[in-house]
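The values are calculated or read from the model by the stated rules, or taken from the named source; none is laboratory data. Remember, it's a predicted structure, so these values are computed and weren't measured experimentally. Using ideal geometry, Cβ is built from the backbone for each residue, glycine included, and neighbour counts are taken over all protein chains shown.
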Amino acid sequence: MKVDVEKARQDTYDLCIVGTGPAGIILALEYQKLQPHHRVLLIEYGVDGTPPRNPLDDSINIVEPRNHHLPYECTNKGLGGSSASWGGRCVMYDEIDFKPRKILDGQCTWNSPLLHEARRYADRAAEYFHCGEGKFNLAEIPGLASSRIAEHFQNGDVTDSVIERWSLPTRFGKSYRSQIEASPAIHLLTGWEASTLGTRPEDGAVSEVGIRDLARTRREKIIARKIVLAAGAQESTRLLLKNRQLFKNQGSPPPALGKYYQGHISGKIASVRFHGDPKKTEYGFLRSPDGVYLRRRLQLSTQALLENNLLNTALWLDNPLYSDPAHRNGAMSFMYLAMITPGLGKRLAPPAIAQAFTKGKSSGISPHIKNILKDLPGSLTMPAAIFYSRYCMKRKLPGVFLYSQRNVYALHFHAEQVPVPENRMELAEDGETLNIHYKYTGQDIDSVIRTHEFLDRWLRQCKCGALEYWFPKNELPAAIQSISKDGLHQVGTTRISATADEGVVDDDLKVWGVPNLHVCSSSVFPTSGQANPTFLLGAFAVRLAHHLSAQSRR
Ligand SMILES: Cc1cc2nc3c(=O)[nH]c(=O)nc-3n(C[C@H](O)[C@H](O)[C@H](O)COP(=O)(O)OP(=O)(O)OC[C@H]3O[C@@H](n4cnc5c(N)ncnc54)[C@H](O)[C@@H]3O)c2cc1C
């Protein structure tokens, strides 16, 4: 139920969760099922009817914005957090992501048993995301196990059977508001920012959460036995950085706090030309028996990644750049013009997603108009059908992928980054501003290029196809640098580790040295893998609920 601050400050809560994005909401609902008599407080900074500006986003400084989206494009504030604008792509991490590897230079500080545990909670997480089952390989899905991405493709060093699943996309605020508001055990306090974490001198446990209102003029205190920071990666990290006293018993904050920030390096530098029957190429979505949209991802096997010292990367078939009228496709030209129309583009997709449609050099609108006229009426009927499936259905069409008679598709890569301490979040001297340093390293870029080369060799070996690059070889590094941007997937800055020297939280997501403080955010992932992080985060939130519940029974 919704509570005001007068009510919240009088209670002693069993669990206080800061933030109501997917992580906070899954944790609260799952915990409440396990411990129906416990009192849970959800503190949410955002309010309904999001104001155009807020002090949290205004005090984030992206130091080098070339490869990082601006703060307002990266997160949302309010019930449901950034799920208000997320795409809904649910992807699972792989075995390789948990393995120490030469290329990670000792920075893979978690372990494989954690992945196995997370998999135990995948079905439950999938229920919260409305994405069917927690299975991410076609081999496990009856009826889809034996098909291939294209004629002659062979599964081996490269696999085509790992899939992404698509959520509705579930807007967690909209989907779970009534359940939260109807629950007498879950209290929801909105419009307050958790800002300080007061500690007990004897054991360093958090004894109170200091909160302030949006105008930052009023301050109050919340008392809880256990506290979980689920405020998103940036804000969970900032809260720990601001509260150095938490680490007094250890002498200083964990050296890794705020460091090793990663996202993904992503874009298109090549097309793939398949040699077989174009009608046998699976270029679009598959549907699971329960109607969920699924899509294949091309990935290198664990062994191939280890042997070739490559970062984990997923690749999928895509359309050519919308902005380049050489695609000669009327529907694509129509959609491109819609996305660049001032006012309209913003309504069709959040800026970070709209960029996928609009990026590339513009060659003026007349060649696009020619494409539209040439393909009439399809140039208009196809976008209309897509618009209906994308905006009017409950389970929305997650994307638009068009058939190529020539059997040539753009290849979209989505790749891991090496965790380096220089990519970091740190507090400025004013004690409030979060400076974010984020760049792609030479190793990130080199791995993308070598992964393409590997895939090319594999396709040629199977006599399935070959890659056609969009740039001369010597221009590939600069092209990759210039097309890729992240900041939506935020990983690494409060990472899991076996010791306080290497990371910030332990395997149970408890902050090292603080007995009752946990972090539930993708910031705990030490590696970024090829996967968008939110699904694994959901599985970790379910797991944390079970862990905290079991702990309170002891
Ligand atoms: C445009 C876009 C597209 C994306 N697409 C995908 C995708 O397809 N697949 C995928 O896996 N991921 C995607 N993501 C990332 C995904 O949205 C995030 O990984 C996910 O929302 C993180 O969940 P969270 O609960 O940790 O944090 P958030 O969703 O960021 O929620 C955190 C909440 O905490 C609140 N808060 C922050 N600080 C405080 C404080 N001090 N006190 C109180 N409350 C606080 C915030 O207001 C917010 O509501 C996308 C993100 C964006 C922006």
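So for region 420-440 (the condition being more than 28 Å from residue 530 (Cβ to Cβ) and β-branched (Val, Ile, Thr)), does at least one residue qualify? Among the residues of region 420-440, at least one is more than 28 Å from residue 530 (Cβ to Cβ) and β-branched (Val, Ile, Thr), which makes the answer yes. Inspect region 295-308 for any residue being buried (at least 23 other Cβ atoms within 10 Å of the Cβ), closer than 21 Å to residue 397 by Cβ and not charged (D, E, K, R) and give the result as yes or no. Checked region 295-308: no residue is buried (at least 23 other Cβ atoms within 10 Å of the Cβ), closer than 21 Å to residue 397 by Cβ and not charged (D, E, K, R). Considering region 125-211, the qualifying strands (runs of 3 or more DSSP E), each wholly inside and each with 3 or more residues that are under 30 Å from residue 39 (Cβ atoms) and outside the structural domain of residue 399 (by TED's automatic domain parsing), run over 186-190, 192-199. Of all residues in region 272-319, those satisfying the criterion of being touching a Gly at 6+ places or on another chain (Cβ under 8 Å) and either hydroxyl-bearing (Ser, Thr, Tyr) or not assigned by TED's automatic domain parsing to the domain that holds residue 457 (or both) are 288, 301.
For region 24-57, a residue qualifies if it is among the acidic types (Asp, Glu) and within 13 Å of the ligand (Cβ to nearest atom), and the qualifying residues are 44, 48, 57. Just so you know, in region 58-79 the residues that are assigned to a helix (DSSP H, G or I) and within 8 Å of the ligand (Cβ to nearest atom) include one that is surrounded by the fewest Cβ atoms within 10 Å (Cβ to Cβ), and it is 73. Condition (residue is away from the ligand (no atom under 16 Å from the Cβ) and surrounded by 20 or more Cβ atoms within 10 Å (Cβ to Cβ)) applied to region 391-408: is it met by at least one residue? Yes, region 391-408 contains at least one residue that is away from the ligand (no atom under 16 Å from the Cβ) and surrounded by 20 or more Cβ atoms within 10 Å (Cβ to Cβ). Just a yes or no: is a residue in region 320-337 within 16 Å of the ligand (Cβ to nearest atom), in the same structural domain as residue 471 (by TED's automatic domain parsing) and within 30 Å of residue 162 (Cα to Cα)? No - not one qualifying residue is present in region 320-337. Give the residues of region 227-244 that are in contact with a Ser or Thr (Cβ under 8 Å, 6 or more places away or on another chain) and either assigned to a strand (DSSP E or B) or modelled with pLDDT under 95 (or both), sorted by residue number. Residue satisfying the conditions is 229 alone.
Among the residues making up region 251-285, those that are β-branched (Val, Ile, Thr) and buried (at least 24 other Cβ atoms within 10 Å of the Cβ) are 265, 272.
Does region 346-364 hold any residues that are more than 22 Å from the chain's Cα centre (by Cα) and surrounded by 14 or more Cβ atoms within 10 Å (Cβ to Cβ), and which are they?
360, the sole residue that qualifies.
Residues that are touching an Asp or Glu at 6+ places or on another chain (Cβ under 6 Å) and within 14 Å of the ligand (Cβ to nearest atom) were ranked within region 1-23; the one that is nearest to residue 226 (Cα to Cα) is 20. Once region 80-100 is narrowed to residues that are not hydrophobic (A, V, I, L, M, F, W, C) and not in a loop (DSSP other than H, G, I, E, B), the residue that is farthest from the ligand (Cβ to nearest atom) is 95.
Here residue 452 fulfils each of the conditions (1) without any contact (Cβ under 8 Å) to a residue 60 or more places away in the chain; (2) over 30 Å from residue 230 (Cα atoms) apart from (1). Any chance region 55-75 includes a residue that's modelled with pLDDT of 95 or more, under 19 Å from residue 538 (Cα atoms) and either outside the structural domain of residue 353 (by TED's automatic domain parsing) or touching a Gly at 6+ places or on another chain (Cβ under 8 Å) (or both)? Yes, region 55-75 contains a residue that is modelled with pLDDT of 95 or more, under 19 Å from residue 538 (Cα atoms) and either outside the structural domain of residue 353 (by TED's automatic domain parsing) or touching a Gly at 6+ places or on another chain (Cβ under 8 Å) (or both). You will find that of 256, 224, the residue that is in a loop (DSSP other than H, G, I, E, B), more than 13 Å from the ligand (Cβ to nearest atom) and not basic (Lys, Arg) is 256 and no other. Remark: pairs (first residue in region 121-140, of a type in the set (Asp, Glu); second residue assigned to a helix (DSSP H, G or I); Cβ separation under 9 Å; 6+ apart in sequence or on different chains) = 133/122; 133/123; 133/126; 133/140. Checking each residue of region 277-286 against the condition of being of a type outside the set (A, V, I, L, M, F, W, C), without any contact (Cβ under 8 Å) to a residue 40 or more places away in the chain and not in a helix (DSSP H, G or I) gives no match.
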